[in-house]
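Read through the structure below, which is laid out as structure tokens, and then see the notes.
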There are 2 protein chains.
Amino acid sequence: MLDVAIIGGGPAALSAALNCRQRNKTVCVFGRSLDSSLLFTAEKVDNYLGMPDVNGEELLNHFYAHAVKKGVEFQECRVTQILNVGEHYMINAENNFIEAKAIILATGLSKSKGIAGEIDYLGKGVSYCVTCDGMLYRNKKVVVVSENEEGEAEANFLADICKEVSYIPLYKNITFLKDNVKVINAAPKAVVGAEDKVAALETDKETVSCDGIFFAKNTMPPDSLLFGLKTDGKNIEVDRRMATNLPRVYAAGDCTGAPYQIAKAVGEGLVAALSAVSDIDKMKNV
Amino acid sequence: MLDVAIIGGGPAALSAALNCRQRNKTVCVFGRSLDSSLLFTAEKVDNYLGMPDVNGEELLNHFYAHAVKKGVEFQECRVTQILNVGEHYMINAENNFIEAKAIILATGLSKSKGIAGEIDYLGKGVSYCVTCDGMLYRNKKVVVVSENEEGEAEANFLADICKEVSYIPLYKNITFLKDNVKVINAAPKAVVGAEDKVAALETDKETVSCDGIFFAKNTMPPDSLLFGLKTDGKNIEVDRRMATNLPRVYAAGDCTGAPYQIAKAVGEGLVAALSAVSDIDKMKNV
């Protein structure tokens, strides 16, 4: 079992990971590739004290190298769910299940809170993970709403088992979809339910009746990742120790709110790490 | 008038100053020399993300160079008092008075809350500034309690105007004191008052009757620096914006509490700076 699982991959996640390692804890960073960080595209960063006049890519590479040098491990994947399993947590990383004593959420700026009804019908027809839940929709009608190309593979997989697959791309230029996947160019508006189950997806153009809706997102809304996590709008609520309302779950960086700045993220990552380390050390039977 | 005055000189102060400059605000850092920072003596620092394996002195020099490059100004001095003067603040820096619209306190780890009665009798016989208040004690009896050599010059100045000067050094090896300064090697315990004025200094050995007590400290307890500042024990109370209970007064770094770490200080300095900038911009007639 890991001591600390860190969800993210930007400055907050790397700082948290580095500081867990400095305190001799096992740690793994679960996230997307470095170049998916908003920082990667920054032309010039000049307000991270001690490192003047660098660009985002250089800075991220420095950060990554520092973390690797200190023994931080990485797993490039999308985490779709984190479950509280008694005294620890279980992370679903594309259907690899990893246990950890503590979680640090450093998921970056969440672009959306999800559409109306999305969180309400989570587990009742709404899913973020085709690999986990796809088989539940054998011979049924599903919609895949995707912010990125990776959704295409998921739709293609569903096309083999479902009666009908609609695909709503929220990005440009589809790469490859099977012939029996129906593309709908529309903006999703709301999840419509009937008898406590998903019945349709309402869009700005048409209402698509379906049994299940899969959302493939670049960033998961944090409260759909971890049940019961307290948020304030799109920000995760934290105290000065960067602790959330859930035991041994911390948050750091842009996901806790403005200012969306590297130094804040790095500082919060450190604080979250030290709080996690201290709280793990207080657990019984570790 | 300065936009932002920063009290300190460590990583939090430098990060705050850098970020005020990045937002085109005028800023000056009032503090002691770099080598007075606790960080200066650190043999190895390895958890400030992006800059592995440096020592404290190197890191501080990088930080300082970055701030200077971006136009941060410095004034090496001891700030003994900050007064709220209507819409702005007045800083007493060894009897130079500087006005600023906002204050960022980055005074580091306060080693003491002061002795019993010290804050109660501030302005009623207790002072932190010989240059400011020395003349009030002409022909009277005073005690100087000093954490550093600088107190000797203050005692020597007082020896010319006061009836009796006692000197309690809280450090080793006195450099030079005039003959009429009486050295007492004892640990101060309490300020004793009578009729709302200082009457004596109680120590672990003797009680020294006096009219005034001057404390020369390496770090001022923050609530003696700025009247009405809310503290929690020895930490300045701040919210997530690093705002204190006083308008346009912020705090960052070790003075806000543990963990006493560079990344936390740098992050908080940034947040304090951006909050100050935003609040100044909202002021009328600026």
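Key figures for this structure:
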| item | result |
| --- | --- |
| Single unsatisfied condition, A:PHE227 versus (1) touching a Lys or Arg at 6+ places or on another chain (Cβ under 7 Å); (2) in the same structural domain as A:GLY10 (by TED's automatic domain parsing) | (1) |
| Residues that are surrounded by fewer than 23 Cβ atoms within 10 Å (Cβ to Cβ) and either among the aliphatic types (A, V, I, L, M) or more than 8 Å from every other protein chain (Cβ to nearest Cβ) (or both), drawn from segment A:254-273 | A:ALA258, A:TYR260 |
| Condition met for B:PHE63 (in contact with a Pro (Cβ under 8 Å, 6 or more places away or on another chain) and surrounded by 18 or more Cβ atoms within 10 Å (Cβ to Cβ)) | yes |
| Odd one out for B:PHE30 among (1) in contact (Cβ under 8 Å) with a residue 60 or more places away in the chain; (2) aromatic (Phe, Trp, Tyr); (3) closer than 18 Å to A:ALA263 by Cβ | (3) |
| First in segment B:57-84 and within 14 Å of another protein chain (Cβ to nearest Cβ), second anywhere and surrounded by fewer than 18 Cβ atoms within 10 Å (Cβ to Cβ) and outside any loop (DSSP other than H, G, I, E, B), Cβ under 9 Å, 6 or more apart | B:GLU57/B:ASP35; B:GLU57/B:PHE40; B:GLU57/B:THR41; B:LEU60/B:ASP35; B:LEU60/B:PHE40; B:HIS62/B:VAL54; B:LYS70/B:GLN22 |
| Condition met for B:GLU94 (of a type outside the set (Gly, Ala, Ser) and modelled with pLDDT under 95) | yes |
| Residues of segment A:45-56 classified as at the interface with another protein chain (Cβ under 8 Å from one of its Cβ atoms) and open to solvent by less than 40 Å² (accessible area, probe 1.4 Å), total | 6 |
| Candidate set: segment B:184-196, residues that are free of Cβ contacts under 8 Å to residues at least 24 places away in the same chain and of a type outside the set (D, E, K, R); chosen: the one least open to solvent (accessible area, probe 1.4 Å) | B:ALA186 |
| Residue match in segment B:86-93 (condition: of a type outside the set (Val, Ile, Thr), more than 26 Å from B:SER127 (Cβ to Cβ) and either without any contact (Cβ under 8 Å) to a residue 12 or more places away in the chain or facing another protein chain (nearest Cβ under 9 Å) (or both)) | no |
| Residue list for segment B:94-117, restricted to those being part of a strand (DSSP E or B), touching a residue at least 12 places away in the same chain (Cβ under 8 Å) and either open to solvent by 20 Å² or more (accessible area, probe 1.4 Å) or in contact with a Ser or Thr (Cβ under 8 Å, 6 or more places away or on another chain) (or both) | B:ASN96, B:ILE98, B:GLU99, B:LYS101, B:LEU105, B:ALA116 |
| Selection from segment B:28-44 of residues that are open to solvent by less than 60 Å² (accessible area, probe 1.4 Å), under 30 Å from B:GLU99 (Cβ atoms) and away from chain A (no Cβ under 13 Å) | B:CYS28, B:PHE30, B:GLY31, B:SER33, B:LEU34, B:SER36, B:SER37 |
| Residues satisfying the stated conditions in segment A:160-171, i.e. closer than 19 Å to A:ARG32 by Cβ and open to solvent by 20 Å² or more (accessible area, probe 1.4 Å) | A:LEU170, A:TYR171 |
| Enumeration of residues in segment A:13-27 that are open to solvent by 10 Å² or more (accessible area, probe 1.4 Å) and away from chain B (no Cβ under 11 Å) | A:ASN24, A:LYS25, A:THR26 |
| Segment A:71-93, residues that are surrounded by fewer than 18 Cβ atoms within 10 Å (Cβ to Cβ) and more than 21 Å from A:PRO222 (Cβ to Cβ) | A:GLY71, A:GLU73, A:GLY86, A:GLU87 |
| Hey, B:THR256 more than 22 Å from B:GLY151 (Cβ to Cβ), among the β-branched types (Val, Ile, Thr) and free of Cβ contacts under 8 Å to residues at least 24 places away in the same chain or not | yes |
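Every residue, every condition in (1) under 17 Å from the mean Cα position of the chain (by Cα); (2) at pLDDT 95 or above; (3) under 30 Å from B:ASN156 (Cβ atoms), yes or no:
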position	(1), (2), (3)
B:ILE184	no, yes, yes
B:ALA190	no, yes, yes
B:SER209	no, yes, yes
B:ASN218	yes, no, yes
B:PRO222	yes, no, yes
B:GLU237	yes, yes, no
B:PRO247	no, yes, no
B:GLY267	no, yes, no
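Yes/no per residue for (1) open to solvent by 40 Å² or more (accessible area, probe 1.4 Å); (2) in the same structural domain as A:GLY9 (by TED's automatic domain parsing); (3) of a type in the set (Asp, Glu):
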{"residue": "A:MET135", "(1), (2), (3)": "yes, no, no"}
{"residue": "A:LYS140", "(1), (2), (3)": "yes, no, no"}
{"residue": "A:GLU149", "(1), (2), (3)": "yes, no, yes"}
{"residue": "A:LEU158", "(1), (2), (3)": "no, no, no"}
{"residue": "A:ILE174", "(1), (2), (3)": "yes, no, no"}
{"residue": "A:ASP179", "(1), (2), (3)": "yes, no, yes"}
{"residue": "A:LYS182", "(1), (2), (3)": "yes, no, no"}
{"residue": "A:VAL198", "(1), (2), (3)": "no, no, no"}
{"residue": "A:CYS210", "(1), (2), (3)": "no, no, no"}
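The values are calculated or read from the model by the stated rules, or taken from the named source; none is laboratory data. Remember, it's a predicted structure, so these values are computed and weren't measured experimentally. In this analysis, Cβ positions are derived from the backbone assuming ideal geometry, glycine residues included, and neighbour counts consider all displayed protein chains. What goes into the accessible areas is simple: the full protein's heavy atoms, side chains included, and nothing from ligands, DNA or RNA. Shrake-Rupley method; radii C 1.70, N 1.55, O 1.52, S 1.80 Å.
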